[in-house]
Amino acid sequence: MFRVLKIILVAICLIFAFVLGSQNPHLVKINYIIASNTLPLAMIISICFALGVVIGCFISFKLFSQLKWQNYRLKKKLAPEKNKNKLVANKDS
């Protein structure tokens, strides 16, 4: 079910991108520090969107990795205490 929703969402985004691109054929001049370039507005919007997605993925991956590492360290710290509690419970029985 989730897979179908994901496919539908991607299809809607692609249709939206196509409509946006077809409605913005105007050329826009971009001035860099060293040079300048003339590109269609739709291409500039697409490049900025893709760049934002890539940067967001990198930041999310970094944060996710830090949380996974913190979770691993806490589980490792908790493991000896669990074994100690099991030994105490076995002695009481």
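Laboratory data are not the source of any read-out in this text; all were calculated from the coordinates shown. The model shown is predicted, which means the values in this text are computed figures rather than measured ones. Methodologically, a virtual Cβ is constructed for each residue, glycine included, from the backbone with ideal geometry; neighbour enumeration extends over all protein chains shown.
Of all residues in the stretch 31-64, those satisfying the criterion of being in a helix (DSSP H, G or I) and farther than 24 Å from Val10 by Cα are Lys62, Leu63. Checked against the criterion of being surrounded by 10 or more Cβ atoms within 10 Å (Cβ to Cβ), hydrophobic (A, V, I, L, M, F, W, C) and outside any helix (DSSP H, G or I), the candidates Val19, Val28 yield just one match: Val28. Looking across the stretch 2-16, just one residue is surrounded by fewer than 10 Cβ atoms within 10 Å (Cβ to Cβ) and of a type in the set (Lys, Arg), and that is Arg3.
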